[in-house]
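Please treat every number below as a calculation from the coordinates, not as lab data. Not measured: the values here are computed from a predicted model. Here the Cβ is made from the backbone with ideal geometry for all residues, glycine too, and neighbour counts use every protein chain on show.
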Amino acid sequence: MKTNMLGLPIAESEKIVKELNTLLSNFQVYYQNLRGIHWNIRGKRFFDLHVKFEELYNDAQLKIDMIAERVLTIGGTPLHRFEDYLKHNQLEIGHNISKDETAVQLIVSSLTDLLKIERDILKKTAEIGDEGTNSMMSDFISEQEKTIWMMNAWLEESI
């Protein structure tokens, strides 16, 4: 079995690169959704949500860079064109969202969809001993689960 410079099987690593590029594409859409709701949010909760959405898009931007660098580390090339992102996107794309509950629901929905992709990557990387990618996915998952919990708690309060 041929391995890459990290000692991971090349054929399986190429499959992981594809999965990571799908995740990268979806994170780019998530990031743009967050920017849009950050810019367009209105209402009595504006000040709190505006700051929270900025926190989330800054975090997403860091994760985008981490994913792209992991693709490079395991021997691939990260996608970097908007048409590629849209081709691989599985998230709902928000448009002119200014209502607080709609914005938070979009975040919960997006994170839930990202979790599905990440758990699939987690399973595949565990099978080939790709601890670097596995660890990154595990960290993303635990952070996003907490954010989903917090956002759902906020939604309950606002009913």
Label-point separation in nm, His50 to Thr3, each point 7 Å along Cα→Cβ: 5.4 nm
Magnitude of the Cβ-charge dipole (Lys and Arg +1, Asp and Glu -1) of the chain about the Cα centre, nearest 20 debye, reported as 340 debye
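Can you give the FRET efficiency for Glu14 and Lys116, using 1/(1 + (r/R0)^6), R0 = 22 Å, r = Cβ-Cβ distance, to the nearest 0.05? Let's see the in-between values first.
Numbers: r = 21 Å, r/R0 = 0.98.
Given R0 = 22 Å and the Cβ-Cβ separation, E is 0.55.
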Nitroxide proxy distance, nm - points 7 Å out along Cα→Cβ at Thr102 and Ala153: 2.7 nm
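Calculate the tail of P(r) for the chain: the fraction of all Cα-Cα distances greater than 25 Å, expressed in %. Before the final figure, lay out the partial values.
On the way: 4075 of 12561 pairs.
Of all Cα-Cα distances in the chain, 32 percent exceed 25 Å.
Quick one: order Phe47, Phe82 by neighbouring beta-carbon count within 10 Å, fewest to most.
Numbers: Phe47 9, Phe82 12.
Ranked by crowding around the Cβ, least crowded first: Phe47, Phe82.
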Along the dipole axis of the chain (charges at Cβ: +1 for Lys and Arg, -1 for Asp and Glu; origin at the Cα centre), the most positive-end residue among Phe82, Thr3, Ala60 is Phe82
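In deg cm²/dmol and to the nearest 500, what is the mean residue ellipticity at 222 nm of the chain if only DSSP H runs of at least 4 residues count, each as -39500 (n - 2.57), divided by the residue total? Please report the intermediate quantities before stating the final value.
Details: 5 runs with 122 residues, N = 159.
After summing the helix terms and dividing by the residues of the chain, the value is -27000 deg cm²/dmol.
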Could you tell me which residue out of Val71, Met136, Ile41 lies farthest along the dipole of the chain toward its positive end? Charges go on the beta carbon: Lys and Arg +1, Asp and Glu -1, centred on the Cα centre. Ile41
Tell me the net charge near Thr3. Cut-off is 13 Å between Cβ atoms, Thr3 excluded, with +1 for each Lys or Arg and -1 for each Asp or Glu. -2
Compute the distance from the alpha-carbon center of the stretch 1-17 to that of the stretch 106-150, in whole Å. 21 Å
What area, in nm² and to one decimal, does the C-alpha convex hull of the stretch 115-158 cast on average over all directions? 2.9 nm²
